[in-house]
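Presented below is the structure to which this report refers.
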Amino acid sequence: MAAASPAGDVIVWEWKQESNLWIPYQEGVCQLLEKKFMEWRQNTSKKMLPMVNLGDCDPSLDCYEVDLVNLEQIRYETGAFLASEFTVFSFYG
């Protein structure tokens, strides 16, 4: 469900169902999205495409792609766009 940031924060990526409920992605998907998001942000030339195919992490999600710029999940078969977001949770000890 979450990816750990270098500061020890937890980053949770979610997608918005048609019923307006936010559903967290599986942990491995969160880690992939965060890794690709950080790579894209650090790529100053912006030659890297801001799209992530979720099938790179889980073959059953191969029909989904996340647009890191517009924060949208796209389903290839239907062309449906759903909102995506990430939230950072900080823990203080």
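Given points 7 Å out from each Cα along the Cα-Cβ axis, report the residue 41 to residue 82 separation in nanometres with one decimal.
That separation, rounded to one decimal, is 2.4 nm.
Provide the per-residue ³J(HN,Hα) series for region 56-73, in order, calculated from phi with Karplus coefficients 6.51, -1.76, 1.60 and θ = phi - 60°, each as a whole number of Hz, with x at glycine and proline positions.
Taking θ as phi minus 60°, the curve returns 5, 9, 9, x, 6, 9, 4, 7, 10, 9, 10, 8, 6, 7, 8, 6, 10, 9 Hz for region 56-73.
For the chain, set up a Gaussian network in which alpha carbons nearer than 10 Å are linked by springs, and say which option among 71, 49, 32 fluctuates the most.
Looking only at 71, 49, 32, the largest GNM fluctuation is found for 49.
How do 56-68, 17-29 rank on mean C-beta neighbours within 10 Å, highest first?
Highest mean packing first, the order is 56-68, 17-29.
In deg cm²/dmol and to the nearest 500, what is the mean residue ellipticity at 222 nm of the chain if only DSSP H runs of at least 4 residues count, each as -39500 (n - 2.57), divided by the residue total?
The per-residue figure over the chain is -5500 deg cm²/dmol.
Can you list residues from other chains, or at least 5 along the same chain, whose modelled amide H is less than 5 Å from the amide H of residue 25?
13, 14, 15
In the chain, which longest range has no trypsin sites (Lys or Arg not before Pro) that are both DSSP loop (not H, G, I, E or B) and surrounded by at most 15 other Cβ atoms within 10 Å?
So the longest stretch without any such site is 48-93.
I'm spelling it out carefully: the read-out is P(r) over Cα pairs in 5 Å bins from 0, in percent, the candidates are [x] 3, 14, 23, 26, 18, 10, 4, 1, 0, 0; [y] 2, 11, 13, 14, 10, 9, 8, 7, 8, 6, 5, 4, 3, 1; [z] 3, 13, 22, 23, 16, 11, 7, 4, 1, 0, and one was derived from this structure. Which label?
[x]
Read-outs: derived from the displayed coordinates by stated rules, not from any lab. In this text the structure is predicted, and so the values were computed from the model without any measurement. Neighbour counts are summed over all protein chains in view; Cβ atoms, including those assigned to glycine, are modelled from backbone coordinates with ideal geometry.
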